[in-house]
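Worksheet: the structure to be examined is printed underneath.
The values are calculated or read from the model by the stated rules, or taken from the named source; none is laboratory data. Everything quoted here is computed from the prediction, not taken from an experiment. Here the Cβ is made from the backbone with ideal geometry for all residues, glycine too, and neighbour counts use every protein chain on show.
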Amino acid sequence: MLMGYNIAMIKIAPSVLSANFSDMKQAVYDIEYSSAEYVHLDVMDGSFVPEITFGSKLVNDIRPLSSKVFDVHLMVNRPENHIDSFAKAGADIITIHQESTIHIHRVLQMIKSRNLKCGISIVPSTPVCMITPILEMVDLVLVMTVNPGYGGQKLIQSCLDKVIELKEIREREDYSYEISVDGGINLATVQDAAAAGIDVAVAGSAFFSASDKNTFVESMKRLAQEAVS
Ligand code: DX5
Ligand code: ZN
């Protein structure tokens with residue numbers, strides 16, 4: 001294949017989870033002035049995952065600071081109770097976990113009815129077959145490449161097999177979702193993820209520990225492109 005032929009660059013979604021919460025405005029500006037496409041917002045409830053992060057008020061308060069796509073990752077039980085507040089706060093994409101509620105189809109419909117993009121996420125122990133019935137209706141599939149709950153963990157390599165599977169299903173069924181990976185994605189791992197077929201890479205600790213954040217984003221995109229060229 002020719003270098004760069006028919007290859008779309010991946011999108012980068014820095015996660016504010018690894019930012020210093022005492023200076024959230026700066027964290028949002030760090031993302032805003034980079035060539036990242038999404039702001040990834042990790043909402044944790046202390047029940048679905050052990051930690052608690054923030055709710056819709058934070059999303060609402062930082063919304064005016066950014067023109068990027070707000071990619072809200074709900075790591076909460078009963079996400080149906082929180083769709084309206086995050087929709088009002090300015091989310092563009094709301095991703096829920098397959099493991100977080102029984103009526104996934106209904107909650108995805110709720111998100112779509114608010115004219116937002118909807119995503120489905122699966123933890124490392126959940127196989128792709130658990131979400132095949134709803135793949136036709138989602139805009140994003142977020143493959144967790146660590147057990148959710150904390151930033152700075154090591155990527156579980158076997159989770160990338162799910163990216164390959166999701167890409168095959170998308171091609172076979174003519175679906176249109178983006179495939180995103182979340183957890184342990186950095187300059188050393190992005191090429192494996194890109195080779196598997198991702199469209200979006202979430203990066204928390206790698207982004208916020210980079211001294212030059214835009215160079216980091218550009219490097220991630222370049223490395224990903226090289227992996228598929
Ligand atoms: C983890 C969160 C991630 C987290 C990733 O449960 O969903 O979005 O911010 O952090 P890193 O990139 O440091 O693994
Ligand atoms: Zn996340």
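Considering only helices (runs of 4 or more DSSP H) fully contained in segment 138-229, which possess at least 3 residues that are out of contact with any Lys or Arg (no Cβ under 8 Å at 6 or more places or on another chain), modelled with pLDDT of 95 or more and within 12 Å of ligand 1 (Cβ to nearest atom)? Full working, then the answer.
On the way: elements: 160-173, 190-196, 205-208, 213-228.
The helices (runs of 4 or more DSSP H) meeting that bar are 205-208.
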Handout entry: Test for Ala13: is it out of contact with any Cys (no Cβ under 6 Å at 6 or more places or on another chain), touching a residue at least 60 places away in the same chain (Cβ under 8 Å) and closer than 21 Å to Gly151 by Cβ
Key = yes
Fill in the blank from the handout: Those residues of segment 76-100 that are within 26 Å of Leu160 (Cβ to Cβ) and either without any contact (Cβ under 8 Å) to a residue 12 or more places away in the chain or out of contact with any Leu (no Cβ under 8 Å at 6 or more places or on another chain) (or both) come to a total of 4
Fill in the blank from the handout: Flagged in segment 23-47 as closer than 19 Å to Thr95 by Cα, touching a residue at least 60 places away in the same chain (Cβ under 8 Å) and of a type in the set (A, V, I, L, M, F, W, C), in numbering order, are Ala36, Met44
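From the list Val128, Val123, which residue is modelled with pLDDT of 95 or more and within 16 Å of ligand 1 (Cβ to nearest atom)?
Working: Val128 fails: within 16 Å of ligand 1 (Cβ to nearest atom).
So the residue among Val128, Val123 that is modelled with pLDDT of 95 or more and within 16 Å of ligand 1 (Cβ to nearest atom) is Val123.
Matching residues to (1) more than 25 Å from Asn20 (Cα to Cα); (2) free of Cβ contacts under 8 Å to residues at least 12 places away in the same chain; (3) in contact with a helix residue (DSSP H, G or I) (Cβ under 9 Å, 6 or more places away or on another chain); (4) of a type outside the set (Gly, Ala, Ser):
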| site | (1), (2), (3), (4) |
| --- | --- |
| Ile122 | yes, no, yes, yes |
| Met137 | yes, no, yes, yes |
| Val146 | no, no, yes, yes |
| Gly152 | no, no, yes, no |
| Gln157 | yes, no, yes, yes |
| Glu178 | yes, no, no, yes |
| Ser205 | no, no, yes, no |
| Glu218 | no, no, no, yes |
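Going by the structure shown, is Pro64 surrounded by fewer than 21 Cβ atoms within 10 Å (Cβ to Cβ) and not in a helix (DSSP H, G or I)? I'd like the intermediate steps shown before the answer.
Values: surrounded by fewer than 21 Cβ atoms within 10 Å (Cβ to Cβ): yes; not in a helix (DSSP H, G or I): no.
Against the criterion (surrounded by fewer than 21 Cβ atoms within 10 Å (Cβ to Cβ) and not in a helix (DSSP H, G or I)), Pro64 does not qualify.
Could you please let me know if Lys221 is charged (D, E, K, R) and over 21 Å from Ser125 (Cβ atoms)? Give the steps one after another, and end with the answer.
Numbers: charged (D, E, K, R): yes; over 21 Å from Ser125 (Cβ atoms): yes.
Here the answer is yes, as Lys221 does meet what is asked.
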Practice task
Kindly provide the set of residues from segment 102-144 that are crowded, with 20+ Cβ neighbours inside 10 Å and within 15 Å of ligand 2 (Cβ to nearest atom), ordered by number.
Solution key: Gly119, Ile120, Ser121, Ile122, Val123, Leu140, Val141, Leu142, Val143, Met144
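Is it the case that Ala188 is more than 17 Å from Gln157 (Cα to Cα), of a type outside the set (Lys, Arg) and surrounded by fewer than 24 Cβ atoms within 10 Å (Cβ to Cβ)?
Details: more than 17 Å from Gln157 (Cα to Cα): no; of a type outside the set (Lys, Arg): yes; surrounded by fewer than 24 Cβ atoms within 10 Å (Cβ to Cβ): yes.
When the stated conditions are applied, Ala188 does not pass them.
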Exercise for the section: Identify all residues within segment 11-50 that are within 16 Å of ligand 2 (Cβ to nearest atom), surrounded by 14 or more Cβ atoms within 10 Å (Cβ to Cβ) and part of a loop (DSSP other than H, G, I, E, B); write none if there are none. Expected result: Ala19, Ala36, Glu37, Phe48, Val49
Exercise for the section: Collect the residues in segment 156-177 that are more than 15 Å from Ala195 (Cα to Cα) and within 16 Å of ligand 2 (Cβ to nearest atom), keeping them in residue-number order. Expected result: Ile156
